[in-house]
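Report on one structure; see the data block that follows.
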């Protein structure tokens, strides 16, 4: 995974609550066996009409938002299906950071496994930030300092230190867990005795 | 110290814990399907990693498979590639697969319990959010992303932080015509689609105790629609009875040992819940959804709500958008909403008991000439059982199509999908925009309510069907 670097970008604002992963990437694009190439289908049904033509009014179809790296959204972003295709599509489009008052749990976790930073911030701040979207002005995300910089303001956001470290260092979770192999072996030894039906069933 | 059911299962699966609470949790059972696994296997191969415990995984194609005649294989190229890829990966890594034409093939969350692969007190994961279903047996079961699928394949563990405990008591008893589906829709309507975010929900109370295990699966299945990754119901005699003699259930001595352990799986008296609510069974009516979020519920006797009466601005905007998408007017009677399509199936309501309830109501009747209706059994074994009981004939004679098992129109990855503006009464779990096909309009209902809608050609009260 790539290390997360600071971002400067004009944010794109989607003023809608409960944006589900079906909206982010509809099912017809889940037939792929690859992680890449989903960006063009991001928000497909909001972005393209029934003939596959771009819908002018949709924000991500217009410059400068078509190259936004930051997405502002309503609460409970990413609810519904567990499809990791949702963060893959965001990333492939170029979105590296989502800012919302809240997220669905599975989507939130999936972001960190793909180097996307999902920031949780008060609705009030979202309203301030969407002015920057409207005015096409750049805001800045500094992960190390856990802050959003806009105008002359600096707003701090909370983040689990372990998750922050993973993004900053681009860590491979599996590699780290495999280092705990001894603990896993010991656990399995223990349940082979205490719960013999779990691993071998005869 | 008193512990909740969730605390007990969590503590029993700790492999390693860091001071900040980051935990390596052991995974006892891993369910795999064709849509969310190919990238996990690909990455595993790229990094030259092995599958640690192939015997703890079970794979099945379900999301993408056609529900029509399968004898000639899958015609859609991309779907075929995904199903072929699953087969190749399972072969390469030694994972058991119920392939497309295996009689045990079916929706991953239906075949797990059916085979006894699902068991009380286990941690079960799958790259699918409706993994919550298995919580009905007192297992901690939740959906994961593809990177986590890879993590489980490689290590048989997951990195987790503990959720909070939430208990929902459904007290008393249910009025006639009200089912498990209405119970969970009521709960989602009450706490909202993000009401359970950050929690594991334990369902308890007299109503839950009285539900059959299959009905409990319907409740736990839709826990994710309330934002909670997992729902739990303490196992009881009904649960233990269910697992007797399932192909993958513990055998002989192990059965006795397992049973002793399973009987310890309940929340202790005095255990602490971070949140707790009560719902009275008598207050629940047959429900339908009117909007594009599972929290948009109304009694069948009600009316479409008026967004103008909503005080929250964001919610008001969402309601207007929903009504526009759904083609509905505020204040119209729910029972005046005409229906084009009926879908009975999915991991929510595709089990034998669901089909029995539907068939019983349908016996000797015909569906409206204005509707197209289909039944998609949840698994090959459910289908066979239904056919043994003659349920297929009841459905076919009434005008339903009788299909092959799979996820089908619940997410419309195969050919079973709605056309734009087509309106469906569906026993599935999500009424999101475009979920059942671009522009398609979904009303979530119980199997009985689906039958009522099929007969009347409009959303109708199951209590009026005799």
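Can you tell me which residue among B:343, B:395 is at pLDDT 95 or above and assigned to a helix (DSSP H, G or I)?
Checking each option against the conditions leaves just B:395.
Within segment A:130-166, which residues are farther than 17 Å from residue A:94 by Cα and in a helix (DSSP H, G or I)?
Matches in segment A:130-166: A:130, A:131, A:132, A:134, A:161, A:162, A:163, A:164, A:165, A:166.
Looking at segment A:151-164, which of the residues that are surrounded by 12 or more Cβ atoms within 10 Å (Cβ to Cβ) and closer than 23 Å to residue A:78 by Cβ is farthest from the chain's Cα centre (by Cα)?
In this case the residue turns out to be A:155.
Tell me whether segment B:328-338 contains one or more residues that are surrounded by fewer than 18 Cβ atoms within 10 Å (Cβ to Cβ) and within 24 Å of the chain's Cα centre (by Cα).
Taking every residue of segment B:328-338 in turn, none turns out to be surrounded by fewer than 18 Cβ atoms within 10 Å (Cβ to Cβ) and within 24 Å of the chain's Cα centre (by Cα).
Every residue, every condition in (1) free of Cβ contacts under 8 Å to residues at least 12 places away in the same chain; (2) buried (at least 23 other Cβ atoms within 10 Å of the Cβ); (3) out of contact with any helix residue (DSSP H, G or I) (no Cβ under 7 Å at 6 or more places or on another chain); (4) on the phi < 0 side of the Ramachandran plot, yes or no:
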site: B:405; (1), (2), (3), (4): no, yes, no, yes
site: B:417; (1), (2), (3), (4): no, no, no, yes
site: B:422; (1), (2), (3), (4): no, no, yes, yes
site: B:425; (1), (2), (3), (4): no, yes, no, yes
site: B:443; (1), (2), (3), (4): no, yes, yes, yes
site: B:456; (1), (2), (3), (4): no, no, yes, yes
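Within segment B:194-225, can you find the residues that are facing chain A (nearest Cβ under 10 Å) and under 15 Å from the mean Cα position of the chain (by Cα)?
The answer is B:224, B:225.
Would you confirm, using the coordinates I've provided, whether residue B:433 is in contact with a helix residue (DSSP H, G or I) (Cβ under 7 Å, 6 or more places away or on another chain) and either more than 25 Å from residue B:99 (Cα to Cα) or outside any loop (DSSP other than H, G, I, E, B) (or both)?
So residue B:433 fits the description; yes.
Give segment A:162-196 a look and list any residue that's at the interface with chain B (Cβ under 7 Å from one of its Cβ atoms) and without any contact (Cβ under 8 Å) to a residue 40 or more places away in the chain, or say none.
Listed by number, the residues that qualify are A:162, A:174, A:177, A:178, A:180, A:183, A:184, A:187, A:195, A:196.
Among the residues of segment B:24-40, is any facing another protein chain (nearest Cβ under 8 Å) and assigned to a helix (DSSP H, G or I)?
yes
Any idea which of A:176, A:184 is under 30 Å from residue B:27 (Cα atoms), assigned to a helix (DSSP H, G or I) and at pLDDT below 95?
On inspection, the qualifying residue turns out to be A:176.
Just a yes or no: is a residue in segment B:55-66 in contact with a helix residue (DSSP H, G or I) (Cβ under 8 Å, 6 or more places away or on another chain), within 11 Å of chain A (Cβ to nearest Cβ) and more than 16 Å from residue B:99 (Cβ to Cβ)?
Yes, there is a match, as at least one residue in segment B:55-66 is in contact with a helix residue (DSSP H, G or I) (Cβ under 8 Å, 6 or more places away or on another chain), within 11 Å of chain A (Cβ to nearest Cβ) and more than 16 Å from residue B:99 (Cβ to Cβ).
Could you list, in sequence order, the residues of segment B:6-21 that are buried (at least 18 other Cβ atoms within 10 Å of the Cβ) and facing chain A (nearest Cβ under 8 Å)?
B:15, B:16
Determine whether residue A:6 is touching a residue at least 12 places away in the same chain (Cβ under 8 Å), within 14 Å of chain B (Cβ to nearest Cβ) and within 16 Å of the chain's Cα centre (by Cα).
Spelling it out, it is not the case that residue A:6 is touching a residue at least 12 places away in the same chain (Cβ under 8 Å), within 14 Å of chain B (Cβ to nearest Cβ) and within 16 Å of the chain's Cα centre (by Cα).
I'm trying to understand the selection: among the residues of segment A:135-150, which are free of Cβ contacts under 8 Å to residues at least 12 places away in the same chain and exposed (fewer than 14 other Cβ atoms within 10 Å of the Cβ)?
Hits for segment A:135-150 are A:135, A:145.
The values are calculated or read from the model by the stated rules, or taken from the named source; none is laboratory data. All figures in this text were calculated on a predicted structure; none of them were measured in a lab. Note that each Cβ is placed from the backbone with ideal geometry, even for glycine, and that neighbours are counted across all protein chains shown.
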